[in-house]
Amino acid sequence: MGKMKILIADDHSLFREGLRKLLESDNTFEIVSEVGDGQGVINMARKLKPDLILMDINMPGTNGLIATQVIKREFPNIKVIALTVFEGEEVLELVKAGVSAYMLKDVLGSDLIQTIHRVLAGEVVIHPRVTSYLVQELTRTDKKSDNLNLTRREMDVLEMLVKGNSNRDMAEAMFISEKTVKNHLTSIFRKLGVKDRTQAAVFAIRHKIVEEA
């Protein structure tokens, strides 16, 4: 299996340099390009078709949110990790755009690398502070939590999801296979009317189905 192709998008050259050095310490990654604006990352995504983009949200011209929306619409299989200093109301829109992770720029390097691996494995990773913000900002829905008909096992999985556990963590804790965990998640998403782990966690906290981690 070849290296995972990563595109770095940030308007600060020093930050890009730091990200490159950090990611080059992991020999499973290949940095295919660096760009400093939203239109640039759209162009490079079209040209290079990376596996994953580290996307700064606050870039000049076309910002990271718009760039993410365009890229996910054209290339839904490209994973996007949003990097933010946690300003503005773009976070909720990023959920709708389909980013795979939301990381604050003060994240530890080791945590960022771990997050990249998890995202490339198909997971969605939510920073706890971002989750809290999403809960506050998420528009109320008409769906009532008392009509969800979640099984006890599904509730266990949902509680662990909100706490940030990976599929492997859940499987080990519950003595089941990861495939069974995925089956439970599919059922949970359908019953909650959501598309992914992020939306499921936000919904569960918002409607007090489970307590926030």
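The values are calculated or read from the model by the stated rules, or taken from the named source; none is laboratory data. Note that the structure is predicted; figures quoted are calculated from it, not measured. All Cβ positions, even for glycine, are placed from backbone atoms using ideal geometry, and neighbour counts span all protein chains on display. Protein only, heavy atoms only, side chains kept; ligands, DNA and RNA dropped before computing areas. Shrake-Rupley method; radii C 1.70, N 1.55, O 1.52, S 1.80 Å.
Yes or no, residue by residue, for (1) open to solvent by 40 Å² or more (accessible area, probe 1.4 Å); (2) within 24 Å of Val95 (Cα to Cα); (3) over 20 Å from the mean Cα position of the chain (by Cα):
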position	(1), (2), (3)
Val35	no, yes, yes
Pro60	yes, yes, yes
Ile66	yes, yes, no
Glu74	yes, yes, no
Ile81	no, yes, no
All but one of (1) open to solvent by 10 Å² or more (accessible area, probe 1.4 Å); (2) modelled with pLDDT under 90; (3) at negative phi hold for Gly88, so report the exception by its number.
(3)
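Okay, residues lined up against (1) in a helix (DSSP H, G or I); (2) open to solvent by less than 40 Å² (accessible area, probe 1.4 Å); (3) under 20 Å from His117 (Cβ atoms); (4) in contact (Cβ under 8 Å) with a residue 24 or more places away in the chain:
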site: Leu150; (1), (2), (3), (4): no, yes, no, yes
site: Leu158; (1), (2), (3), (4): yes, yes, no, yes
site: Leu161; (1), (2), (3), (4): yes, yes, yes, yes
site: Asp169; (1), (2), (3), (4): yes, no, yes, no
site: Glu172; (1), (2), (3), (4): yes, no, yes, no
site: Thr186; (1), (2), (3), (4): yes, no, no, no
site: Val194; (1), (2), (3), (4): no, yes, no, no
site: Gln199; (1), (2), (3), (4): yes, no, no, yes
site: Ile209; (1), (2), (3), (4): no, yes, no, yes
Within the range 15-25, take every residue that is closer than 13 Å to Lys105 by Cα and hydrophobic (A, V, I, L, M, F, W, C) and give me the one that is surrounded by the fewest Cβ atoms within 10 Å (Cβ to Cβ).
Phe15
Scan the range 57-81 residue by residue and report those that are under 17 Å from Leu19 (Cβ atoms) and modelled with pLDDT under 90.
Ile57, Asn58, Met59, Gly64
